[in-house]
Structures are given as structure tokens and as C-alpha cells.
1. Identify the single condition in (1) within 23 Å of Asp24 (Cα to Cα); (2) modelled with pLDDT under 95 that His128 does not satisfy, given that it satisfies every other one.
2. When region 178-217 is examined, which residues are found to be among the charged types (D, E, K, R) and not in a helix (DSSP H, G or I)?
3. Please list, ordered by residue number, the helices (runs of 4 or more DSSP H) wholly in region 41-93 having 3 or more residues that are on the phi > 0 side of the Ramachandran plot and at pLDDT below 95.
4. Of a type in the set (Gly, Ala, Ser), in contact (Cβ under 8 Å) with a residue 24 or more places away in the chain and either buried (at least 19 other Cβ atoms within 10 Å of the Cβ) or in a loop (DSSP other than H, G, I, E, B) (or both): is that true of Gly35 in this structure?
5. Is it fair to say Val220 is more than 11 Å from Leu181 (Cα to Cα), assigned by TED's automatic domain parsing to the domain that holds Ala180 and assigned to a helix (DSSP H, G or I)?
6. Residues in region 231-238: is at least one among the hydrophobic types (A, V, I, L, M, F, W, C), in contact (Cβ under 8 Å) with a residue 24 or more places away in the chain and under 23 Å from Ala321 (Cβ atoms)?
7. Just need a number here: residues in region 1-26 that are within 16 Å of Ser340 (Cβ to Cβ), crowded, with 19+ Cβ neighbours inside 10 Å and more than 14 Å from the chain's Cα centre (by Cα).
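The values are calculated or read from the model by the stated rules, or taken from the named source; none is laboratory data. Bear in mind the structure is a predicted one, so any value in this text is a computation, not a measurement. Don't worry about glycine lacking a Cβ; one is built from the backbone with ideal geometry, like all the others, and counts go over all protein chains shown.
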Amino acid sequence: MTHPELHLVVPGRLDQRTGGDIYDQRIVAGLRDLGRPAGVHCLPGSFPGPDARAEEALEATLSTLPAGSTVVIDGLALGGLPAPAGRHRDRLTLLGLVHHPLCEETGLPETRATELEALERSALRACHGLIATSPHTAERLQQWLQPAPPLRVVTPGIDATAASDPPGRTAAPLLLCVGALVPRKGQDLLVHALARVQDRTWQCVLAGSDVRDPLFAERVRTQIARLGLEGAVEIRGECTEPVLGELYRRAAVFVLPSWYEGYGMAFTEAMAHGLPVVATRGGAIPSTVPATAGLLITPGDTDALAEALARVLDDPELRAALARGALDHARALPSWEEVSRQFAAVVAELEAP
């Protein structure tokens, strides 16, 4: 069967270490292995926009693609820029890839959230179909896209080799937090909670970009210093895949108190490494992290976060039970190879006349 040309449009570089970028990277690799390679187009500019440079880049990219091509546009590149999508929907098959609604980013002023919701609603309605990366995100889109374009769900995968028995973890337990230092991830709340358990032995590493929101990152650094945690909490910055893998192998507990997640790939990676999880019930997290694998608290509740950390630090048997639950859950998740096959099938279904 002959398929139309397939293209993927992403915001910025594809080699960034965010969950959305890693999803895009793995799908591109999987489609190539399946014999349906996607041309990748990396857009300059500021996202989610509106941004003149980004809009010009998206317009120029779509203009160069042959009529009839199928174009999957990452939601971060699409959501704030509805005009190019509207202009090209009659000559291209446009599919929106939505990791989470842009308006639900933590810390947005109400006027900005309202603006983004209106822009994203317009952009997604210009698409011929939508692919959400979690059932939670699909449900959110259905709520405010009435009527919604055809919508499918393709959740992230895991590496088949990751879900193996964890190594022995001794000495001071390492608490690992993986995520860009941005308000939505809640590292400021984590630092405050860690100050409440200073009487216990532990080390904590915050791994993730500290340049996406420099003001927030500096605020977290100031908190660490003010609370006397410089020797216990390390901001590692964005890590390469080998370095991050080593951190997962050394860690005893994974903690990420996000206000909201559209899926939360860092959680599945942690569970695949046999790590008990301390997290919140924000967004899709309860459907990503089962009760058998983690302790989930209300987003923003620093007291509850400190109590959960104290429980996993004080109770080795609890840690071991949650680690077993994490591994059991991870072993049931699809591999990236399976996810890529599902993605290819969904694209073929959505692009069919």
C-alpha cells in the first residue's frame, strides 16, 4: 500500500530532553524502522506563541510540503499558531499531536491561559485528526473541542530492557527528581518538603533543564541555600541519557510533585527502574502511577509531601513493596516498538479519505 508523504513538525531542536521531545524522537525512530520514515522539520522561534518568527517558520514549512502530504504537528508548535494550519488544511492532511493542553501550564496569568485556550482550540479544529498521548489529555480535549476532530490516543512506551530487577541500594538513599525546573514540576515545593525531613539521612538530585525558566531555577537555588540544604540537594541540570540512566540506577526513590502532567514519562521510566514513586494526583498522574507503585498527594500540599517522603525514608519494607509494584506495572507497559506500530496505524487511519 502506498502512503502519502509523512512529515513531523516540532518546536525547536528534536534532541531536547523533555518528555514531549523524547516521545517525538522515539516515534520518528520507530516509524523509520517500520518503513514509513517521517521528514522532521524543526521550527525556530518562541513557543507556544503567538510569536512572529515561529509563525513565519511554520507557514514556510507547510508551504514547501507537497500537496496531499500528511503532517503531524507537535502541539507545542501548533497550539499558539492557528493561522498557518487554517491556511493549509485544504492541501495537507494535518494531524495535531497533543501532549497536554497549553493553557494548563502552571503559573500562567488568567488572561494568558484564556488566550492560549482560544488559540489552541482554533488550531486543533483546523486539523483533520488529533493524537493525544494519554487518555486524560484526550478527555480534556473532548471537553473543550465541541465538536472535536477524530481523536486517537497513543501513550508513550518504555524500553524493553529497562524493566528489570533493581540493583541493591544502600548508604544514604538517593531521592531523584527528573523534570525541567519550571513551576509546573513543583521543585520549589519539594525543597520545602525536604527541609521538613532534614533529620533523616538522604541525598536529592534535581535533574532537568535549569535554563527554560531561569527565574524559577534561581528561586529554587535560593530556597536550597536559605533552608541550609546545599550539601543535600544538588541541581544537576539537563543530563545526557547515560548520566540520567545512572541516576535512575543509583536512586532509591523517585519524587516529582508536579501540579499537572498530561502523562508523565519520567514516572514510567522510574518505575521501569524499580523505583517507588512519590508524586501528586495532578492531571494524568493517577492513571500513570498506580497505587501499588507510589504515594500520591494533593498537588501543592507541602505537608503531605513531607509526610510521604518521611514514610518512604523510614520504612524499607514500604519502599520494597512499592518497588515491586513499580516493576510489575512497568513490565505490562508497551515497548516503544509496539507504540510506534500503533502510531503508524493511527496515522494511516486518520489520513484515510
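1. (2) is the only condition that His128 fails.
2. So the first thing to find is which residues in region 178-217 are among the charged types (D, E, K, R), and the list is 184-185, 188, 196, 199-200, 210, 212-213.
Result: Arg196, Asp199, Arg200, Asp210, Arg212, Asp213.
3. Values: elements: 52-64, 75-78, 82-88.
So the answer is none; nothing clears 3.
4. Details: of a type in the set (Gly, Ala, Ser): yes; in contact (Cβ under 8 Å) with a residue 24 or more places away in the chain: no; either buried (at least 19 other Cβ atoms within 10 Å of the Cβ) or in a loop (DSSP other than H, G, I, E, B) (or both): yes.
For Gly35, the condition - of a type in the set (Gly, Ala, Ser), in contact (Cβ under 8 Å) with a residue 24 or more places away in the chain and either buried (at least 19 other Cβ atoms within 10 Å of the Cβ) or in a loop (DSSP other than H, G, I, E, B) (or both) - is not met.
5. On the way: more than 11 Å from Leu181 (Cα to Cα): no; assigned by TED's automatic domain parsing to the domain that holds Ala180: yes; assigned to a helix (DSSP H, G or I): yes.
No.
6. No: zero hits.
7. Number satisfying all stated conditions: 2.
A quick yes/no check of all residues on (1) in contact (Cβ under 8 Å) with a residue 12 or more places away in the chain; (2) farther than 25 Å from Thr288 by Cα; (3) among the aliphatic types (A, V, I, L, M):
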residue	(1), (2), (3)
Pro4	yes, yes, no
His7	yes, yes, no
Val10	yes, no, yes
Gly39	yes, yes, no
Ala52	no, yes, yes
Leu58	yes, yes, yes
Thr61	yes, yes, no
